[in-house]
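Data first, discussion second: the structure below is written as structure tokens.
What follows is calculated from the coordinates using simple rules that are stated; it is not laboratory data. The shown structure was predicted, so the numbers you read here are calculated from the model rather than taken from an experiment. So basically every Cβ, Gly included, is an ideal-geometry build from the backbone, and we count neighbours across all protein chains shown.
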Amino acid sequence: MRHTIQQVFRSGKFVVGFFILVAMLLIVIVYPLIVTYPPLQIISQGTFFPPGIYVNVYDSIGSTRYTLNLENAAANRIASKLSNNDRHAMKDWLVAAGIPENEIDINDTEQLLGLWKGNYDPRVNIAGMTNAQRNYYIRLNNSLQGLLSTEAVIIAARNADIGALQEAGVINPSDYVNVNQVPNVRVLPLGTNSFGRDVLTELVKATAVSLQIGFVAGTIATLIGLTLGLLAGYIGGLVDDIIMFFTNLFTVIPTIVLLILISFSIGQEKRGAFTIAVVIGFTSWVWTARAVRAQVISLRNRDHVNLSKLSGHSVAHIILTDILPYIASYVVMALILQISTAILAEAGLSILGLGPKTTEVPTLGLMLNWALIYQAPILGKWWAYLPVILTIVLVTFSMNLMNTGLDQVFNPTLRE
Amino acid sequence: MSAHKKWTSLFALVMIVSLALSCAAPTPEIIEKEVVVEKPVVQTVVVEKEVPVEKIVKETVVVEKVVKETVVVEKAEALPRQETLYFNGFQWGPVVCWNPYSANCNNAMAIAQGDNARVTMFETPYLYNMLDGKQYPLLADGDYQWNAARTELTFKLKEAAHWSDGTPLTAEDVAYTWATHVKYNTPTGAANKEYIETIEAVDPQTVVVKAKLDENGRAVNPLIVAAYVSSNYVIQKAWTQKLEERTGGDATELLADTAEDVVYSGPYHKFYTDDTKVIMVRDDNYWGQDPSMWGKLPAPKYLAHMIFKDNAAGSAALARGEVDVSQQFNSNVHLLWLNYGLPISTYLPDAPYHIGASLPTAFYNLKAHGLDQVAVRKAIAIAVDYPTIIANAMTNQSATFEQVPRSLMNPTPGEQAMYDHEAVKDLQWVGNDIEGAKKLLDEAGIVDTDGDGWREYQGKKLSYVATCPNGWSDWQAAIEVVAAAGKKIGIEITTNYPEWAVYQTVVTKSDTPLPPGYEIFMMWSAGTGITQPWGRIRNLLSSEWVGMPSNWNGNWGGYVNPRVDELLKAIPNETDPAKLKEMYTELVKIYLTDVPSFTLMYRPELFHTVNESVWTGFPHQEDGSVPPIPPMNCINGWSIACLYNIRLVSP
């Protein structure tokens, strides 16, 4: 046994796959211990907040203020509001409004803004301008307000007694706060999704659930396949015929069609993660059964089996002690593949809207499904779907890699 | 083993690649909007040739090739982009028929009768304008006149109006249309015959609509009579007679007739339809180019509507400029112009982007345990986080309840002026009031007695299911937020999303109590129209719907209040604005006190997002049009005026 394990860990492919999987398992187990937010809590008011560090503005007003005299602060401030395209667009508008082109220098921010301020009027109807362009100029005009100001901003609070605004603080353009000193900071490494949930926290939970679905479904499928394969292969005769009849029947029906039909007929209300796992398990045992049967048939007439028969051991005893150990390595490989197939099957079902229902548990497939419904790909909100796809890829990749590694160790024809 | 492994790896690869593709790349480009013409003719030729089977097959192949080539030629010439206005969001499946008497033609580009009737092919005497609440004459000549007793409504028809076959459109057609609706009990007939006695032609140009009278000799409902003239099409008498003849007077057959030969009066008619598209073409002989109406033809020669798989596909097409006018929910629509700089705009430049018109509402099953208690109903309603619903589920495409305080009115200024805001101020809530909700429940004695964290009423835990149809994504997202509110105030609310087919059967069956699983459920309410807000309030609160075996009107929770019924009966005959305001205010008060249902968000009557890559001049706020053209996709009610205003960006 120890020797076998040593052998297995000498396979480079297996080791890589194994470490990816263990790393993912560790993240799935450790992350919730460190980050204890409920994974399905709706935190953002609005959809698809981009990844980043969110600092509470209210708190930062009250935090210790530091003055940093940085050179590019003003330039950065202007650049964030006024891109090169904006400058060209402003020039276009001014030219259309009758300002001579040679008077406009788009690189001189002050002059450009001065001209803009003096001439722009949202009510002016410029021939050939679409409503979309008109809206653009209105937005641009609003965002330019106070852009060149070097004066401090005054914070005011309403006095509860007299109802008037009173000065509560002054913020200078050179004021900074240290993020570590702001009491409320939330890091959202993968932003939020269409429900306004923290994507990373939900992704970790979803990975856990998808792995569970994979384990449950894979175990069920392997158990069924193994039992039927052992019986059919060892007993043979009529039992074999009957079992193979059903196995062949299931082989010709595409699994995904069966899955869709069963999931649909169960109905949304009863589709929990566990139910889906069971459904997947009960529809994907077929090839395990066939393969195990083939292995058993080749084992059935070995000398040690015949000896065992002559010694008067029962069928169950022979199967468990004389046959099963010889195909154990094969069964483990089959299990690994079944798990990865089941995770993919769940994702496939959920994308069709036939996965587990949404309130209680997230799964990888459901996260993709909702990202698609809320058009994340069209809107360029990559964080809502790309990490999920990568997770699915990593899980199935690691398992397939482990499987290939095991195959190299155990399959005599592949042994180097 | 190895074969299977390969298969699995292949499956994984295909899966991943397809996921990546579906996510990263926009949906594949839709083939240009070609017109297939030759095919049927060619097929006939094949059939007529009596040759051995093999030869037919062979010939067919050749024929196919010819057809394909024809298509390529047609593709380039058939629908010039500069003459075609593309839509999405109306048509989700193939067209069934062109029969204006039927309500089941699934022909959204041509047939939709109602407050904002679709007037591309068939026309109504008047056009409703949701922005100012007025009816503008189309087939009619000038405003209609009520008689002193408000029992008879008279209007004239335009001399210029004529049918597509060139014959004049007369009062006889209007009268005969109504007579046919009644005779065959069409949906229009059934909905109006309690309110309209007859429609008569006084002379070829004059129509009189006589209202049904109640026991006091007053019209049963003058509002519905007035709404009729802008909601229902005028259909040609001669064609109707032809239709009756061929269907032998059988009502079912008459409604099921595909009416490919229908005669129409509107500016567009059928050009081509199949499973993927509907195309209408302009009738250059349209009567409306007469100076008494528009004075010219509408700008686009073709109106085309591709049939998209879902909203996401429709949005992608809009972003690519393959759709000019979009009547669908485009999630985070503002990002299309903010982040991508696309020439796309909505009616309002900023959130809520559209004019809210209807009130998607969560209904309570008033017979469920605990929900018969006002305290429980109100507690849930005030605890719900509406700002999150509006920001997340609607991606801010709805006014907030701070902007438009809740009542029974939609956010249009006309309706908002119809009740006394000050009088109901204390009753209105904006949500997120967890403490208030807890206090309300504590005061009503509905507390957690067994310490499990959930409150009990009469010893039984308060536990509900909140539901809406599966796949209705914005509603589902809203229902999730409702469920979250329950947890905060000690009432267990779980969510469930049945398929629409199941959901609609259960919810509209108002003659039996709702089954478990439907304690809190979402449905819609009426949008804009000449009968509003009365019609909407009637739908939400009237007890006349309770007990109906198939109730598509409203009050699905089973609310009964005699005072409400009384007010609803009195309003249609009331003409004094002050009294009307008083009555509406009382209704709002009752609604906000009893909370038989609660509005979750405001939703536009129709989404109206335009891409100005090809066409421009669509209605938008402060576009200077008089009367204002409503954002109704240029084909509904008065918004059809938009088709005469739009122009090419680069002619």
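Across the range B:356-604, the relative contact order, built from alpha-carbon pairs under 8 Å that are at least six residues apart, equals 34 percent. Distance between the C-alpha centres of the range B:138-201 and the range A:110-143: 49 Å, rounded to the whole angstrom. Here the ratio of the Cα radius of gyration of the protein assembly as shown to 2.2 N^0.38 Å is 1.10. Diagonalising the gyration tensor over the Cα atoms of the range B:356-604 and scaling each eigenvalue by 5 before taking the square root yields semi-axes of 27, 20, 19 Å, largest first. Within a straight-line Cα-Cα reach of under 18 Å, B:K158 can be paired with the following aspartates and glutamates, leaving aside sequence neighbours fewer than 8 residues apart in one chain: B:E123, B:D141, B:D143, B:E172, B:D173, B:E200, B:D203, B:D290.
Among A:S44, A:S263, sorting on how many other beta-carbon atoms sit within 10 Å of each Cβ, with the fewest leading, yields A:S44, A:S263.
Taking a sphere under 10 Å around the Cβ of B:I196 and counting the other residues whose Cβ falls inside, with K and R at +1 and D and E at -1, yields a net charge of +1. Compare A:L364, A:L349, A:L307 in a GNM of chain A, Cα atoms joined below 10 Å, and give the one with the largest fluctuation. For chain A, modelled as a Gaussian network with Cα springs under 10 Å, the answer is A:L307.
Simple rule: put +1 on each Lys or Arg Cβ and -1 on each Asp or Glu Cβ in the protein assembly as shown, find the dipole, and look at B:W337, A:T251, B:S550; the Cα lying farthest toward the positive end is A:T251.
Would you compute, from DSSP H runs of 4+ residues alone, the mean residue ellipticity of the protein assembly as shown at 222 nm, taking -39500 (n - 2.57) per run and dividing by the full residue count, rounded to the nearest 500? Computed ellipticity for the protein assembly as shown at 222 nm equals -13500 deg cm²/dmol. Note on chain A: GNM, Cα springs under 10 Å; of A:Q338, A:Q166, A:Q295, the largest mean-square fluctuation is that of A:Q166. Computed over chain A, the Cα gyration tensor eigenvalues convert (square root of 5λ each) into semi-axes of 66, 24, 21 Å, ordered from largest to smallest. Remark on the range A:17-74: ratio of C-alpha radius of gyration to 2.2 N^0.38 Å is 1.84. Using the Cβ atoms and a cut-off under 12 Å, what net charge is assigned to the surroundings of B:P125, where Lys and Arg are +1 and Asp and Glu are -1? Residues near B:P125 contribute -2 overall.
What's the magnitude of the charge dipole for chain B around its Cα centre, counting Lys and Arg as +1 and Asp and Glu as -1 at the beta-carbon? Answer in Debye, nearest 20. Taking the Cα centre of chain B as origin, the dipole is about 980 debye. Of A:Y58, B:Y286, the sequence from fewest to most neighbouring Cβ atoms within 10 angstrom is A:Y58, B:Y286.
The H on the amide N of B:L213, modeled in the peptide plane, is under 5 Å from the matching H of B:V220, each at least 5 residues off or on a different chain. Among the listed pairs A:K270/B:K487; A:K205/B:K461; B:K183/B:K212; B:K210/B:K589; B:K460/B:K488, which are separated by more than 26 Å between their Cα atoms? Violating the 26 Å limit, Cα to Cα: A:K205/B:K461; B:K210/B:K589. The fewest-to-most ranking of A:I78, B:I493 by surrounding Cβ atoms within 10 Å reads A:I78, B:I493. Rounded to two decimals, the Cα radius of gyration of the range B:123-237 over 2.2 N^0.38 Å is 1.02. For chain A, averaging the sequence separation of C-alpha pairs within contact (under 8 Å, six or more residues apart) and dividing by the residue count gives a relative contact order of 25 percent.
Taking all C-alpha pairs of the range B:218-337, those more than 25 Å from each other amount to 52 percent.
Dipole size of chain A about its Cα centre, with +1 on Lys/Arg Cβ and -1 on Asp/Glu Cβ: approximately 1280 debye, rounded to the nearest 20.
Over all directions, the projected convex hull of the C-alpha atoms in chain B averages 37.4 nm² in area. Find the centroid of the Cα atoms in the range B:545-586 and in the range A:1-72, then give the distance between the two in whole Å. Here the two parts' Cα centres lie 56 Å apart.
Along the axis of the charge dipole computed for the protein assembly as shown (Cβ charges of +1 for Lys and Arg, -1 for Asp and Glu, origin at the Cα centre), the listed residues A:F397, A:S60, B:W475 are led at the positive end by A:F397.
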